Every structure is written in C-alpha cells, then in structure tokens.
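Everything on this sheet refers to the single structure shown next.
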Amino acid sequence: MPDLDPDLDLRLERMMDVPPATLWRCWTEPELLMQWFCPRPWNVTEAVIDLRPGGRFFTRMAGPLPDGSQADMPNEGCFLAVDPERRLVFTDALQAGWRPAAQPFMTAIVTFEPRDGGTFYTATALHNDTAARDKHEEMGFSKGWNTAADQMLDIARSL
C-alpha cells in the first residue's frame, strides 16, 4: 500500500469482525455489491465486475438530489490489480481493456488483512491533485465511505 499523501489521498481504515473472504465476496459479486456500495438513500442499480486486471468495473448509482430530482450516475472503471481476498485496485482513469478515460477522478486501493479472527479493512482513494481530493472530501468521502462500509458489514455478517 502506498504511503498516504494527505494533500492527495483519502483513507478509511476499520477492523471488521468477518473474514477477508466474506468482504471479498461483497466487493466482487455484483448482486452483493449492489446492496451496500453507496450510502442510502442512494442505491446501485447496475454493477458489472470483470474481475481481472484490465477488466471492467462499472456501477450505476441513483439517488435524490437537493432539488428533489433523481440523479443517475454511471461510473466506468478498470481493475488494475486483483489479488483474491487480499487487495483490489481499480481506477476511473482507465476503462476496460486499458482504454484511457476522458475525465479521471481517482484510483482506489482496497485491502483485506486477516487480523484477530476478522479483517483489517483499508480503502484508499488516490487523487491527481488537491482540488480532486478536496472535491471528494466535500462530496462526503469520510461519512459516505464509512456508511457504505457499515452497510457492507451488515451484508457480510448475513452471509
């Protein structure tokens, strides 16, 4: 895992009381990911996971906007590294098949470290510049990613 650059990166670290294999399933099985990946009342309406380096990682999120309308947010990305039950690295800087994306925002590194009968879970969002990092924080990174992690843990405990 890269060192955290506080000017460019955001990180969530949590101890979870389920094994890495269970959290891995939550991240890599579309039907499970759709249940937790964004904080409610937002939801994932579509997920495509081609679990291999260069494979597609796509989610479509929907949710209410402050003006009362509904947002539809497709998120196209590419897996960079897939280390089963240990690490996932994906980015929106590339699309499937290593095709460059028009407007990259972040690269994410998610790790699952077995510890004390559970998992030390880390999710790091790497950004190209301070403005992107600040935008992600303003969008609610800390609260949103923690809420999503709570939702994932609820799903994982039921598996």
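The values are calculated or read from the model by the stated rules, or taken from the named source; none is laboratory data. Worth saying up front: this structure is predicted, and the values here are computed from it rather than measured. Please note: Cβ atoms are built from the backbone with ideal geometry, for glycine as well, and neighbour counts cover all protein chains shown. When the accessible area is computed, the model is the full protein with side chains, heavy atoms only, and any ligands, DNA or RNA have been set aside. Shrake-Rupley method; radii C 1.70, N 1.55, O 1.52, S 1.80 Å.
Things to note:
- Residue among R11, R25, R52 that alone is under 22 Å from L94 (Cα atoms), of a type in the set (K, R), touching a residue at least 40 places away in the same chain (Cβ under 8 Å) and open to solvent by 10 Å² or more (accessible area, probe 1.4 Å): R11
- Scanning region 73-99 for residues that are of a type in the set (D, E) and either part of a loop (DSSP other than H, G, I, E, B) or without any contact (Cβ under 8 Å) to a residue 24 or more places away in the chain (or both), we see that the one that is most open to solvent (accessible area, probe 1.4 Å) is E85.
- Set side by side, the residues G68, G140 differ, and just one is over 12 Å from the mean Cα position of the chain (by Cα), open to solvent by less than 40 Å² (accessible area, probe 1.4 Å) and at pLDDT below 95, which is G140.
- Criterion violated by G118 - all others in (1) open to solvent by 20 Å² or more (accessible area, probe 1.4 Å); (2) touching an Asp or Glu at 6+ places or on another chain (Cβ under 6 Å) satisfied: (1)
- 3 or more residues touching a strand residue (DSSP E or B) at 6+ places or on another chain (Cβ under 8 Å) and of a type in the set (V, I, T): qualifying strands (runs of 3 or more DSSP E) within region 1-64: 43-49
- Of all residues in region 73-115 being among the aromatic types (F, W, Y) and either touching a helix residue (DSSP H, G or I) at 6+ places or on another chain (Cβ under 9 Å) or closer than 21 Å to R133 by Cα (or both), the one that is modelled with the lowest pLDDT: F105
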